[in-house]
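S.K.: Okay, handing you the structure first.
The values are calculated or read from the model by the stated rules, or taken from the named source; none is laboratory data. Please read these numbers as outputs of a predicted model, since none were measured by experiment. So basically every Cβ, Gly included, is an ideal-geometry build from the backbone, and we count neighbours across all protein chains shown. Protein only, heavy atoms only, side chains kept; ligands, DNA and RNA dropped before computing areas. Shrake-Rupley method; radii C 1.70, N 1.55, O 1.52, S 1.80 Å.
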Amino acid sequence: MAHKKGSIMSERVKFRRYLEQSGLLDALTNAMTALYSDSDKPENAMAFLKRHIMAQESEALATQKAELQQKYQLLMEENQTLRRKLTQYEPSPEAAE
């Protein structure tokens with residue numbers, strides 16, 4: 001019987017680790033904390049939690065978008081630099097004639 005209990009605990013630990021790594025545990029904790037802290041409790045707690053989690057996801061996506069835009073700009077600048085360097089090694093159209 002002790003082996004089965006250990007197995008269940010192991011599964012719980014794995015599941016908790018999964019929730020932590022996925023960010024869901026933090027998102028739920030933040031949403032529940034916001035609900036608890038709200039002095040005017042909403043009529044629909046589920047809708048409140050959904051909105052709060054969606055807002056967190058939206059913020060994360062906005063951050064990711066900004067990071068990707070910055071990376072894109074750096075890559076475009078690098079591309080232009082490499083293209084300029086490449087033209088130094090390409091024969092001019094006049095020399096090919």
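S.K.: For the chain, take the longest principal axis of its alpha carbons; what is the angle in degrees between that and the long axis of helix 45-89, to the nearest 10 within 0 to 90?
M.R.: 20
S.K.: When only DSSP loop residues count, what GluC sites (Glu not before Pro) in the stretch 1-94 have their Cβ near at most 14 other Cβ atoms within 10 Å?
M.R.: Details: sites: 11, 20, 43, 57, 59, 67, 77, 78, 94; in loops: 43.
Sites meeting the loop and neighbour criteria: 43.
S.K.: Rounded to the nearest 500, what is the chain's calculated 222 nm mean residue ellipticity when only DSSP H runs of at least 4 contribute -39500 (n - 2.57) each, over all residues?
M.R.: On the way: 4 runs with 84 residues, N = 97.
That comes out to -30000 deg cm²/dmol.
S.K.: Percent of accessible area on the chain owned by carbon and sulfur, 1.4 Å probe?
M.R.: 57
S.K.: I would also like to ask the following. Where nothing but the Cβ of Lys and Arg (+1) and of Asp and Glu (-1) is charged, how large is the charge dipole of the chain around its Cα centre, in debye to the nearest 20?
M.R.: The calculation lands at about 820 debye.
S.K.: Something else now. Over the stretch 32-76, with the other protein chains present, what is the accessible area per residue in square angstrom, probe 1.4 angstrom?
M.R.: 88
S.K.: So how long is each side of the stretch 21-97 along the principal axes, counting just the alpha-carbon atoms, biggest first, in Å?
M.R.: Taking the Cα atoms of the stretch 21-97, the three principal extents are 80, 23, 15 Å.
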